[in-house]
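Here's the structure, in structure tokens; my notes come after.
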Amino acid sequence: MMAAENKNAKAPARNVDSKKGKGAAKAAKTPPREKDKTLSVNGHLVKLTNQEKVYWPKEGYTKGDVLEYYNSISKYLLPYLKDRPQSLKRNPNGILDKGFFHKDVGDKAPEWVEHVKLYSESAKKDIDYIVCNDKATLFYLNNLGCIEINPWNSRLKHLDHPDYLVIDIDPADNSTFDEVIETARVVKAVLDKAQAACYCKTSGATGLHVYIPLRAAYHYDQVRSFAEIIATLTQEQLPQSTTLERGLSKRNGRIYVDYLQNRRGQTLASVYSLRPVAQASISTPLEWKEVKPGLHPSQFNIQTIRKRVDKMGDLFNGVLKEKLNLRRALKNLGI
């Protein structure tokens, strides 16, 4: 059941959406650490706490910097979160703490936060998932310590039919990023043969993600089967450096070409998500011509991303617009 919006909330004097002063991001960043701060966002009251708390000890970035970043990127990010259940990864003590997943919103969220109760096969119970459709909810998640944002691959209207297929290229500890790039290029070559459009983004950590747009045309079972074909054809071309083995002990230092992310309820860090890693890197969409030796995910971080997006726009928007022809793709691959 979706939570009702609070339409009677009174706005405080300082409004994060105000055009006055130096802008929303500054307003969101500067409340005193020892006090709570309440902002009016989209007509809802959002309480922000401990905005001066340091999340990145080496770089000095704070909880308030997280909010400032998401405020600045929200118009690009929110379309990728709309109507999707969220698995909350919380790092309230910063990046040196492993954090924890918090899927069930319980009764602690404000009444205006949308949520939906869904049965979880893995947990064997109903879980109340937050749905982040607006900036107010995004700020609420940030205040919980959600440095990264993890949406489902499918939306509420078609939970069994994902909007995209994902190949997660997950390196071993001894893998170089140039090897990750080589793997992504082979994935693209396979998809080019299939005549399937694909988009690449950094994971924001050590890997790359390749997305194939579907527009909810196929069931997860069909999508996972096609993803396995892509992963298998990739691994056959790179037998020494890649593996399809999920277990860490069986990978033998090889890059894991993960197709199993294509299941209901699985999540990856969203495009434009900040990650709780050194240098505050961002999961960033790439042009395929950029996916070449010398590229490194640390290039795309909280300091550089906004200038890049302002210049290049949303390189990932085809993921939500284009559609795979699965029958044709299989035929093109000789399957």
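The values are calculated or read from the model by the stated rules, or taken from the named source; none is laboratory data. Because the structure is predicted, anything quoted here is derived from the model rather than measured. Because the Cβ atoms are built from the backbone with ideal geometry, glycine has one as well, and the counts that use them run over all protein chains shown. Only protein heavy atoms, including side chains, enter the accessible area calculation; ligands, DNA and RNA are left aside. Shrake-Rupley method; radii C 1.70, N 1.55, O 1.52, S 1.80 Å.
Worth pointing out:
- Cβ pairs under 8 Å, 6+ apart, first in the range 112-124 and touching a residue at least 40 places away in the same chain (Cβ under 8 Å), second among the acidic types (Asp, Glu) and part of a strand (DSSP E or B): His115/Asp128; Val116/Asp128; Lys117/Asp126; Lys117/Asp128; Leu118/Asp126; Ser120/Asp126
- Matching residues in the range 309-335 - criterion: being assigned to a helix (DSSP H, G or I), closer than 28 Å to Ile73 by Cα and either open to solvent by 40 Å² or more (accessible area, probe 1.4 Å) or in contact with an Asp or Glu (Cβ under 8 Å, 6 or more places away or on another chain) (or both): Asp310, Lys311, Met312, Asn317, Val319, Leu320
- Matching residues, the range 205-227, being farther than 12 Å from Ile169 by Cα and either assigned to a helix (DSSP H, G or I) or not aliphatic (A, V, I, L, M) (or both): Pro213, Arg215, Tyr218, His219, Tyr220, Asp221, Gln222, Val223, Arg224, Ser225, Phe226, Ala227
- Residue check, Leu260 part of a loop (DSSP other than H, G, I, E, B), surrounded by 15 or more Cβ atoms within 10 Å (Cβ to Cβ), touching a residue at least 24 places away in the same chain (Cβ under 8 Å) and in contact with a strand residue (DSSP E or B) (Cβ under 8 Å, 6 or more places away or on another chain): no
- Test result for Ser298, surrounded by 19 or more Cβ atoms within 10 Å (Cβ to Cβ), of a type in the set (Ser, Thr, Tyr) and either at pLDDT 95 or above or under 25 Å from Leu67 (Cα atoms) (or both): no
- Only one of Thr243, Thr267 that is in contact with a helix residue (DSSP H, G or I) (Cβ under 9 Å, 6 or more places away or on another chain) and either more than 21 Å from Thr62 (Cα to Cα) or open to solvent by 60 Å² or more (accessible area, probe 1.4 Å) (or both): Thr243
- A single member of Val166, Val180 is closer than 23 Å to Ser203 by Cα, in a strand (DSSP E or B), open to solvent by less than 10 Å² (accessible area, probe 1.4 Å) and in contact (Cβ under 8 Å) with a residue 60 or more places away in the chain, and it is Val166.
- Of all positions in the range 187-204, at least one carries a residue that is charged (D, E, K, R), outside any helix (DSSP H, G or I), open to solvent by less than 50 Å² (accessible area, probe 1.4 Å) and more than 19 Å from Gln222 (Cβ to Cβ).
- So Asn93, is it in a loop (DSSP other than H, G, I, E, B), under 30 Å from Lys58 (Cβ atoms) and open to solvent by 40 Å² or more (accessible area, probe 1.4 Å): yes
- Among the residues of the range 120-147, those identified as hydroxyl-bearing (Ser, Thr, Tyr) and part of a helix (DSSP H, G or I) are Thr137, Tyr140.
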